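Peer 1: Take a look at this one; I'll ask things after.
The values are calculated or read from the model by the stated rules, or taken from the named source; none is laboratory data. Keep in mind that this is a model prediction, so the values were computed, not measured. Note that each Cβ is placed from the backbone with ideal geometry, even for glycine, and that neighbours are counted across all protein chains shown. To get the accessible areas, we keep the full protein, side chains included, count just its heavy atoms, and leave off ligands, DNA and RNA. Shrake-Rupley method; radii C 1.70, N 1.55, O 1.52, S 1.80 Å.
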Amino acid sequence: MKLATLKQGGRDGTLVVVSRDLARCQAVPEIAKTLQQALDNWGEALAKLELVYAMLNNGHGRHAIAFEPRHCNSPLPRAYQWADGSAYINHVELVRKARGAELPPEFHVDPLMYQGGSDSFVGPCDPVLACDEAWGIDFEAEVAVVTGDVPIGATPEQCAKQIRLLMLVNDVSLRNLIPAELAKGFGFLQSKPASAFSPVAVTPDELGEAWKDAKLHLPLLVELNGKPFGKPNAGVDMTFSFARLIAHVAKTRELEAGSIVGSGTVSNKQGGLFGSSVANGGVGYCCIAELRMYETIEGGKPKTPFMSFGDRVRIEMQDDHGASIFGAIDQVVERYSPTA
């Protein structure tokens with residue numbers, strides 16, 4: 001099943017069920033007005049939503065309209081929790097290697113994770129806003145899951161059963177603000193502005209055999225200014241599954257229905273800079289910083305700049321037949337201009 005949130009009906013938007021081909025959608029106020037309402041009453045709402053989904057796919061949806069991603073907010077315009085992991089150790093290892101540091105062995109058994117701002121996400125086609133290009137504007141293409149209620153101390157097996165939905169995410173980073181923040185020893189804040197999620201959130205069963213062991217085994221497609229930038233497989237080199245990541249959060253706290261847990265930047269192991277780009281036959285990258293890390297390791301310094309105003313990033317995932325699963329995150333970087 002596929003669900004989305006239209007930008008209408010208040011700050012939490014209007015929940016719609018979306019057809020599998022992303023062509024049509026239908027509001028379901030009699031079931032749930034918002035996605036959060038559906039998640040709060042998942043046991044009761046699921047079967048009713050699935051019935052609408054089946055009717056849409058069979059061409060019998062009542063009051064169906066054309067689905068337009070540009071009219072969407074993120075599936076959850078705001079959430080009770082947004083915790084982003086770093087499940088791809090290759091990415092972490094490159095970061096440390098680029099600055100001459102070794103990877104601590106505990107990083108292979110204990111996930112890295114930060115608490116992101118969740119009071120306001122932006123739509124999949126909304127701009128990435130920044131006041132200054134000198135902040136080092138970068139995208140991070142990731143996969144994320146939305147949970148049901150998870151109790152304190154839940155095991156990975158228990159956590160896997162509470163994965164309700166999957167989405168794609170652009171977890172924007174302001175790279176040049178990060179070092180000073182981390183030096184304070186208290187984590188990210190200003191360097192992590194609002195994230196954007198894919199137009200559509202999907203239930204795990206929609207993914208078929210691509211969803212296995214709480215990992216999504218499909219390439220994540222990234223374009224920068226219309227050119228292929230990355231296509232790493234999200235199920236490859238993922239050290240910690242989503243079940244492990246959720247259990248990490250739940251060690252000392254509950255997760256309420258509607259909590260979002262991210263994978264961190266998707267990254268596959270590759271044979272160095274000259275064989276890693278898409279143009280050279282590699283799988284490329286899901287953020288500019290990773291390319292700059294390869295450049296630093298092999299050439300002594302980075303060459304590729306971060307994003308400038310006017311640059312566009314597109315993030316998408318397709319099924320085995322080339323059909324878009326989640327719709328595309330398609331964002332342009334714009335200078336922030338405060339309203340009067």
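Peer 1: Can you list residues from other chains, or at least 5 along the same chain, whose modelled amide H is less than 5 Å from the amide H of residue 229?
Peer 2: The list, which skips near neighbours in sequence, is 222, 223, 224.
Peer 1: Could you please report the charge total around residue 70, scoring K, R as +1 and D, E as -1 over all other residues with beta-carbon less than 10 angstrom from its beta-carbon?
Peer 2: -2
Peer 1: Another question about this same structure. Please list the non-local residues whose amide H lies under 5 Å from the amide H of residue 326, H modeled 1.01 Å from N, same-chain partners needing a gap of 5 or more.
Peer 2: 317
Peer 1: Roughly speaking, what is the centre-to-centre gap between the stretch 2-38 and the stretch 198-247 when only Cα atoms are used, to the nearest Å?
Peer 2: 23 Å
Peer 1: While we're on this one: Report the calculated FRET efficiency for residue 7 and residue 254 (r = Cβ-Cβ distance, R0 = 30 Å), to the nearest 0.05.
Peer 2: Calculated value: 0.50.
Peer 1: How high is the FRET efficiency between residue 189 and residue 68 when r is their beta carbon distance and R₀ equals 30 Å, given to the nearest 0.05?
Peer 2: Once the sixth-power term is evaluated, E becomes 0.30.
Peer 1: Which peptide among 183-191, 280-288 comes first, and what is the full order, when sorted by highest mean count of other Cβ atoms within 10 Å?
Peer 2: So the peptides 183-191, 280-288, ranked by packing, come out 280-288, 183-191.
Peer 1: Okay, moving on. Keeping to pairs on different chains or 8 or more places apart, tell me how many lysine pairs in the stretch 213-340 have Cα atoms under 29 Å apart.
Peer 2: 12
Peer 1: Along the stretch 27-42, what does the Karplus equation 6.51 cos²θ - 1.76 cosθ + 1.60 (θ = phi - 60°) give for ³J(HN,Hα), rounded to whole Hz, x for Gly and Pro?
Peer 2: Taking θ as phi minus 60°, the curve returns 6, 9, x, 6, 9, 6, 6, 10, 5, 4, 4, 5, 5, 5, 10, 4 Hz for the stretch 27-42.
Peer 1: Name the long-range amide H neighbours of residue 212: under 5 Å, sequence gap of 5 or more, or other chain; modelled H, no Pro or chain starts.
Peer 2: Under 5 Å from the amide H of residue 212: 217.
Peer 1: Please list, in order, the residues from the stretch 294-322 whose amide nitrogen is less than 12 Å from a point placed 7 Å along the Cα→Cβ vector of residue 225.
Peer 2: Inside the label zone: 304-313.
Peer 1: Do any GluC sites (Glu not before Pro) in the stretch 67-176 lie in a loop, going by DSSP, with at most 12 other beta-carbon atoms within 10 Å of their beta carbon, and if so which?
Peer 2: 102
Peer 1: In whole Hz, with x marking every Gly and Pro, tabulate ³J(HN,Hα) for the stretch 283-292 from phi via Karplus 6.51 cos²θ - 1.76 cosθ + 1.60, θ = phi - 60°.
Peer 2: Along the stretch 283-292, the couplings run 9, x, 9, 10, 7, 5, 4, 5, 4, 5 Hz.
Peer 1: Which residue, 243, 180, 141, has the most motion in a Gaussian network model of the chain that connects Cα atoms within less than 10 Å?
Peer 2: Sorting by GNM fluctuation, first place goes to 180.
Peer 1: Along Cα→Cβ, 7 Å out, is where each label goes; now give me the distance between the ones at residue 217 and residue 133 in nm to one decimal.
Peer 2: Rounded to a tenth, the inter-label distance reads 4.3 nm.
Peer 1: Can you compute the modelled spin-label distance between residue 279 and residue 236, with each label point 7 Å from Cα toward Cβ, in nm?
Peer 2: If labels sit at residue 279 and residue 236, their model points lie 2.1 nm apart.
Peer 1: Where the convex hull is taken over the Cα atoms of the stretch 131-278, what is its projected area averaged over directions, in nm²?
Peer 2: 10.6 nm²
Peer 1: Count the lysine pairs in the stretch 1-140 whose Cα atoms lie under 16 Å apart, taking only pairs 8 or more positions apart in sequence or on different chains.
Peer 2: Summing the qualifying lysine pairs gives 4.
Peer 1: In whole Hz and in residue order, list the ³J(HN,Hα) couplings for the stretch 63-70 that follow from phi through the Karplus curve 6.51 cos²θ - 1.76 cosθ + 1.60, θ = phi - 60°; x for Gly and Pro.
Peer 2: 6, 6, 10, 5, 8, 10, x, 5
Peer 1: Contour minus end-to-end for residue 301 and residue 161, with contour as 0.36 nm per residue of separation and end-to-end as the Cα-Cα distance?
Peer 2: Gain on stretching residue 301 to residue 161: 45.9 nm.
Peer 1: Considering only DSSP beta bridges with both partners in the chain, what is the antiparallel share in %, to the nearest 5?
Peer 2: Looking only at bridges with both residues in the chain, the antiparallel portion is about 90 percent.
Peer 1: Over the Cα atoms, compute the radius of gyration (one decimal) and Dmax (the largest Cα-Cα distance, rounded to a whole number) for the stretch 67-209, in Å.
Peer 2: Rg then Dmax for the stretch 67-209, in Å: 16.6, 48.
Peer 1: Still on this structure, I have one more. Per residue, how large is the accessible surface of the chain? Use a 1.4 angstrom probe and give square angstrom.
Peer 2: Value for the chain: 45 Å² per residue.
Peer 1: Could you work out what % of the accessible surface of the chain is carbon and sulfur, using a 1.4 angstrom probe and leaving DNA, RNA and ligands out of the count?
Peer 2: 51 percent
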